[in-house]
Structures are given as C-alpha cells and as structure tokens.
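Engineer: After the structure tokens below, expect a handful of questions from me.
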Amino acid sequence: MSVISISEVKCKDCYKCVRACPMKAIKIESGHAHIIEERCISDGHCLNVCPQGAKRVASDLDRVKEWLRSGLAVGASIAPSFPAFFGIDSATYLVRALKAKGFKLVQETSVGAEFVAREHRRLISIAPYSADGRRLPLLSSSCPAVINLIEKHYPEVISQVAPVVSPMVAHGKYMKSIAGRPDKVVFIGPCVAKRDELGRECNTIGKEAAVDAVLSFPEVEKWLGMDLCGSQEQGGDTAITDAAITEEGTIAKRLSRGPVSGGPLSGGPDDLKNVKKIGCFDGPLPCWAKTFPVTGGLLKTAALDTDMTSEDVLTVCGVTECKELLEEIRSKDGFARYFNKTKLIELMACPGGCISGPHMKGGVSAVLRRALVLGYAVPGSSEEFWDREYEERGLDLSVAFSNRCVSYP
C-alpha cells in the first residue's frame, strides 16, 4: 500500500498531479486520481502541486504519543535539514521541546550519515566492473526515493548501487547499540520515502526495527507549537519555561517573520553566532555529515573530491535528472567511455538535495535553505573520531536491493 493516499472527497479531477508526476504513477479512475503503487517512488512531489490538499501521507504521531505516555524510552533522530525548516538558531529550542515531551535521547541523523559516508568510501575500492573489464561508477544509496526509482524502473543497474543502508537506518542501528539505548527510535525529517523504509528488511536489528516511526517536520512543528506556546513545564535542563520560550521563540513565530536581513532565517552573520548552540543535541556530535542534505554532502563527508569539475565524482539531483542518468547507464551507449574515470555518483531525488524535500516549508528559496544548512554545519567532532567509531562500532550497514519492476503493455 502506498504511503500517499488521495481523498476522493477533496480531489477535483484537475489533473495537476497526473501531469506533474515524473513517474506517471497517478491515474484518473472513476473521476478521481489514484496512486499506481507499482510505479510510485514516494518522492512526494504530488503533495505540493495539489491545489485541493487532497494528498495525505500516513502519520505515526499517535503511535509516538502513546509510546511517550506509556513511559517507553524514546529516541529522536533529527534530519540534518532541520535548519532549513526551523531556522539556523532552532536547535536548542527543538531539543528542549522534544525532551519536555518525554524523549530521552535526541541526536542528529548525521551521526548515521558519518557511518554511511565511510562505507561508501570503502566500497569505491571494490566497485563492480563491466563485461569488458571497465570499472563502473558506484551509485549512492542514501536517498530512499532513488532506491525506489532504481528497484521499480531501472533494476538493471542494481549491481552498481552501493549496498549500504540510508543514514536514517544507520542512525537507528547506532542508537540501539549504545549504552542506555532507547526502546523506540523516531526519525523526524522532510522526506516521504523514509516511510517506505520502515518496512524494509534492512531496517531491522534481529527481530526489532532499527527505526520505529517517522514524523515530518510540519507534524512536529504543529505538535510542539500548539502545546508549548505559552505553556510552562518544569524538569531541570529539559524544562520549557516562559523565559525559554521568550528567548528561543516558538517555531511558528520565528518562521512567520520570514527571511529578513539579520533575522532568524537570513543565514547572515547574526545567525552564525547561534551556531554555538549545536551542543544541545545528545552526543556524539557529527562532523561534516551535517552537510548531507545538500548536493555534495556525501562527497565531503567521505573525504572525496568536491570539485564540481572533477571527473572522479558526479552529483545528480531531481527525479528527471536521475532518470536521464539511469537511462544512460542502462543504454551503455557511450557511458563507459565517457564516465570511465568516475568513482562515485551521488543521486538525490529532490532538486538541490533534501533541503527541497516534500515536507519543507514553502516561501523559502532552495538557495537560502542551502545557506542555512551550511551555516549550521560546524563540525562537533573530528573526522578522526568518526573514523575510529566506524572501525570499532561494527554496525551492520549492509542491504540487499531487489527487482520490483512491473512491466506494462
């Protein structure tokens, strides 16, 4: 069943989603739009083109609330794109608010990305070869929408995809491997396709899930904003007092100001003073993996060449652009000749990276979102620390991708 559903009551048969879907995964049947699950890659583009708000994504919020009420130890994994949604100075408020709700551990998903980047770097040295002996470029596997695209539409290239779990799954496995591990892990981010990952075999540790639920940024904004605005809760370091709310501002109030010069969303010098607040997350803190949601973030974290003119690496963003590349690989016409020096191709379904995910707030340009993420991306730990963690932790980061292609007449 697709993670995206369409309300027949709200759908007005306008065909906008049908025309906009890059995978032709929406059809009109009985006067209303319907998802063709076999073709859908859960990129979520249809959510933002529907003028009626007829598209909905399954929510785990009620389950998460129940876990918190029952006293389970719940950990939160916050996607590194959060500064692009909540603002560059939102980290302290966000962590305090989540802990006031009952979360025991709040970390950045970038922790998992540190492991994923190093595993990609290791795999480059054993990349697959073509029939004529040419080394083939390794395709990144961090974007779940791209994995859906390959498995459902381009299964011929699966052998070139890095058999590595996503940063979300890697972080879930990490959180459940440490002392004081949470009973449940909740991912919070801008991605629809992450919900698909919950049911994948790679999202397991023995008989339990690595990540147990997914919440979107808008869900969390509404949940925290409605309950915490003007409220006062006591509880030591996790207390959300009236003074703290005045200092940090509610998420809704901060975003309503807009990206004015020197304001909370400007990404300017005044904002960068707030980078010191990164320490509010539970450690260990990430290094360069904070750049994962922008183009080239994987390359930088893996200590690979980030020169845009380099022949060693290539970054492709957007579903249409990814399709064009995969068509080239599938056709093999000239690809091996002109890309024979390329070691790694970073693929991202959203234009510009995760900063343009379907659950990002509108009205803020991708350029500004990128500036906010990069402005926040000050290393909290050294590369050497994460090199040691990668070697010593021994996390199972492997995944097996499968052919899910359905042929149509």
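The values are calculated or read from the model by the stated rules, or taken from the named source; none is laboratory data. Model, not experiment: these values are computed from the prediction. Using ideal geometry, Cβ is built from the backbone for each residue, glycine included, and neighbour counts are taken over all protein chains shown.
Engineer: State whether the residues of the range 263-282 include one that is in contact with a Leu (Cβ under 7 Å, 6 or more places away or on another chain) and at pLDDT 50 or above.
Structural biologist: For the range 263-282, residues in contact with a Leu (Cβ under 7 Å, 6 or more places away or on another chain) and at pLDDT 50 or above: present.
Engineer: Do we find a residue being surrounded by 15 or more Cβ atoms within 10 Å (Cβ to Cβ) and under 24 Å from Ala210 (Cα atoms) anywhere in the range 19-35?
Structural biologist: Scanning the range 19-35, I find no residue that is surrounded by 15 or more Cβ atoms within 10 Å (Cβ to Cβ) and under 24 Å from Ala210 (Cα atoms), so the answer is no.
Engineer: Could you give me the residue pairs with C-beta distances under 6 Å whose first residue belongs to the range 209-230 and is assigned by TED's automatic domain parsing to the domain that holds Glu197 and assigned to a helix (DSSP H, G or I), whose second residue is modelled with pLDDT of 95 or more and crowded, with 19+ Cβ neighbours inside 10 Å wherever it lies, and which are 6+ apart or on separate chains?
Structural biologist: Listed by first residue and then by second, the contacts come to Phe217/Pro190; Phe217/His359; Pro218/His359; Val220/Ile188.
Engineer: Cβ contacts < 6 Å: first residue modelled with pLDDT under 95, restricted to the range 58-79; second residue surrounded by 15 or more Cβ atoms within 10 Å (Cβ to Cβ), any location; separation 6+ or different chain. Result?
Structural biologist: If the second residue must be surrounded by 15 or more Cβ atoms within 10 Å (Cβ to Cβ), the pairs left are Ala58/Val3.
Engineer: If the requirement is being out of contact with any Phe, Trp or Tyr (no Cβ under 7 Å at 6 or more places or on another chain) and surrounded by 23 or more Cβ atoms within 10 Å (Cβ to Cβ), which of these qualifies: Ala127, Ala100, Ala145?
Structural biologist: So the residue among Ala127, Ala100, Ala145 that is out of contact with any Phe, Trp or Tyr (no Cβ under 7 Å at 6 or more places or on another chain) and surrounded by 23 or more Cβ atoms within 10 Å (Cβ to Cβ) is Ala145.
Engineer: A follow-up question, please. Identify all residues within the range 8-43 that are over 26 Å from the mean Cα position of the chain (by Cα), small (Gly, Ala, Ser) and at pLDDT 90 or above; write none if there are none.
Structural biologist: Correct list: Ala33 only.
Engineer: All but one of (1) touching a strand residue (DSSP E or B) at 6+ places or on another chain (Cβ under 7 Å); (2) farther than 19 Å from Phe103 by Cβ hold for Ser159; state the number of the condition that does not hold.
Structural biologist: (1)
Engineer: Scanning the range 103-114 for residues that are of a type in the set (A, V, I, L, M) and under 18 Å from the mean Cα position of the chain (by Cα), which turns out surrounded by the fewest Cβ atoms within 10 Å (Cβ to Cβ)?
Structural biologist: Among those residues, the one meeting the criterion is Val106.
Engineer: Taking Ala91, is it farther than 30 Å from Glu37 by Cα, touching a Cys at 6+ places or on another chain (Cβ under 6 Å) and buried (at least 18 other Cβ atoms within 10 Å of the Cβ)?
Structural biologist: Judged against the criteria, Ala91 is a match.
Engineer: Could you tell me whether Ala84 is more than 20 Å from Pro293 (Cβ to Cβ), touching a helix residue (DSSP H, G or I) at 6+ places or on another chain (Cβ under 6 Å) and either assigned to a loop (DSSP other than H, G, I, E, B) or not charged (D, E, K, R) (or both)?
Structural biologist: No, not satisfied.
Engineer: Kindly evaluate Thr309 against the criterion of being at pLDDT 95 or above and of a type in the set (Val, Ile, Thr).
Structural biologist: No, not satisfied.
Engineer: Are any of the residues in the range 111-118 within 18 Å of Val169 (Cβ to Cβ) and touching a Cys at 6+ places or on another chain (Cβ under 6 Å)?
Structural biologist: Checked against the condition, which is being within 18 Å of Val169 (Cβ to Cβ) and touching a Cys at 6+ places or on another chain (Cβ under 6 Å), the range 111-118 yields no hits at all.
Engineer: Here is a follow-up. Anything in the range 366-384 that is closer than 21 Å to Asp89 by Cβ and free of Cβ contacts under 8 Å to residues at least 12 places away in the same chain? List them, or say none.
Structural biologist: Scanning the range 366-384 gives a single hit, Val367.
Engineer: Filter the range 178-208 for residues that are at pLDDT below 95 and either in contact with a Cys (Cβ under 7 Å, 6 or more places away or on another chain) or not charged (D, E, K, R) (or both) and give the result.
Structural biologist: Ile178, Ala179, Gly180, Leu198, Gly199, Cys202, Asn203, Thr204, Ile205, Gly206
Engineer: Restricting the search to the range 36-73, which residues are among the hydroxyl-bearing types (Ser, Thr, Tyr) and either within 16 Å of Phe217 (Cα to Cα) or surrounded by 20 or more Cβ atoms within 10 Å (Cβ to Cβ) (or both)?
Structural biologist: Selection gives Ser42, Ser59.
Engineer: Suppose we keep only residues that are under 19 Å from Phe401 (Cβ atoms) and surrounded by 24 or more Cβ atoms within 10 Å (Cβ to Cβ) within the range 198-222. Which one would you say is nearest to the chain's Cα centre (by Cα)?
Structural biologist: Only one residue fits best here, namely Val211.
Engineer: Now for a different question. Since Pro51 meets every condition but one in (1) outside the structural domain of Met175 (by TED's automatic domain parsing); (2) part of a helix (DSSP H, G or I), which condition does it not meet?
Structural biologist: Every listed condition holds for Pro51 apart from (2).
Engineer: Here is a further query. If you go through the range 174-185 one residue at a time, do you hit one that is assigned by TED's automatic domain parsing to the domain that holds Ala84, assigned to a helix (DSSP H, G or I) and touching a Gly at 6+ places or on another chain (Cβ under 8 Å)?
Structural biologist: The answer is yes, given that some residue of the range 174-185 is assigned by TED's automatic domain parsing to the domain that holds Ala84, assigned to a helix (DSSP H, G or I) and touching a Gly at 6+ places or on another chain (Cβ under 8 Å).
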